[in-house]
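Below is one structure; the comments refer to it alone.
The values are calculated or read from the model by the stated rules, or taken from the named source; none is laboratory data. Just so it is clear, the structure is predicted and the values come from calculations on it, not from any experiment. Positions of Cβ are generated from backbone atoms using ideal geometry, with glycine treated the same way; all protein chains shown enter the neighbour counts.
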Amino acid sequence: MSSKRDPKRYLKYLAAERNAILLYSALADQATGDRREALLELVEIEAQHAQHWIDMLNSHGVEVPPAPDRLDPDDAALVARARAAGLDSVLAALEETEGVNADIYDDEPDAPAVMSSEERIHMRVFQQMQDGSPLTALNEAPRSVDFGETWHRGDRTGSVRAAIFGVSDGLVSNTALVMGFAGAVSDPKVVLFAGIAGLLAGAFSMAAGEYISVASQRDLFRREIETEAAELRDKPEEERRELELIYRAKGMDKETARKASEHIMADPDKALDTLAREELGLDPSALGSPLRVALSSFIAFALGAVVVVIPYLFASGGLALGLAIAMSLTSMLVVGAIVGRFSGRNMAVAALRQLAVGAGAATVTFLIGLAVSHFTGLSATGG
């Protein structure tokens, strides 16, 4: 096996690409319509791949062999079968061959990422030919990196997401905590202390977690953008081709996509911004503020958690417990409806789900509190 440092390995890649050019050209001569156009485009892509390896061989001083002028025996037999029985008779074999070779460049450091994507696209072209579905594979762009959730609805900084989760978590967790203590003791001061402690501990924990999460995500985004900037600087033509593929996936014809990509690549800053958005799915101007999200989480959790605490600031005994339950259940319905609104779900269903989860958690902890009080001998007055 050729070493990763041995430039003669490029000869194997070049031979494979040249054989593919001959095979697809011969098959295109027997095809019509969209199939012919797809095969000719595969020929063009393989020619670009071949030229890349020719350039690599030249740069390493390795002699480039002459291109073959005839098919190898296996490919010649395939073309003969297609000529005799029609193109459909060889599509399964072509798909299988492309599937075996789809990862040929995955571990090759000198192969541009777009080449790996295009090799996989070739396999999908033959899959679509067999299925009789529209030939759209050649319009597919390299897969984007997706770090966001589908329900952000424009919340690129994560602040709204953190606020919604914060209120919900604060409400449910602190209601459950206070109900647990209320079941165990009747001293309102103990219950109040537990509620305030739960509020502060939860809010700080929520804020710290969100800060670390968003800061780590921001660092990852920056690294992706820096890597893209380096690729744009070192391999501008490969990046232009990736951008062209992306635009073709959006519905542009080949010539329009090529002109658009060339226009954008003429401005390095615009090119980086466009590639970050289109290829990576990132907005360089809105990576999110860890401090803002952490503060939002803290305030939101505290707002949710304080609901069950408020009655114990002004009342005691059964009145405080009754008010705490009523206020918490009402708040759960409201928060659930808001979550449903942001997530695009039925608001009533989301509200009832929030109520069921929150009330269920509070009931369980209240019963556990009663059991603990009974089996440990805690007095009803908290003594």
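Values computed for the structure shown
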item: Identity of the residue in segment 79-98, closer than 18 Å to A15 by Cα and touching a residue at least 12 places away in the same chain (Cβ under 8 Å), that ends up surrounded by the most Cβ atoms within 10 Å (Cβ to Cβ); result: L94
item: One residue from A111, A50 being free of Cβ contacts under 8 Å to residues at least 40 places away in the same chain and aliphatic (A, V, I, L, M); result: A50
item: Residue selected from segment 151-188 under the condition at pLDDT below 75 and assigned to a helix (DSSP H, G or I), by the criterion nearest to the chain's Cα centre (by Cα); result: R161
item: Residue in segment 17-29 that is among the aromatic types (F, W, Y), in contact with a Leu (Cβ under 9 Å, 6 or more places away or on another chain) and closer than 18 Å to M115 by Cβ present; result: yes
item: Residue list for segment 1-41, restricted to those being within 17 Å of L78 (Cα to Cα), part of a helix (DSSP H, G or I) and of a type in the set (A, V, I, L, M, F, W, C); result: A16, A20, I21, L22, L23, A26, L27, A28, L39
item: Residue in segment 273-284 that is farther than 30 Å from A163 by Cα and either in a loop (DSSP other than H, G, I, E, B) or at pLDDT 80 or above (or both) present; result: no
item: Every residue from segment 32-42 that is surrounded by fewer than 19 Cβ atoms within 10 Å (Cβ to Cβ) and either touching a Pro at 6+ places or on another chain (Cβ under 7 Å) or of a type in the set (A, V, I, L, M, F, W, C) (or both); result: L40
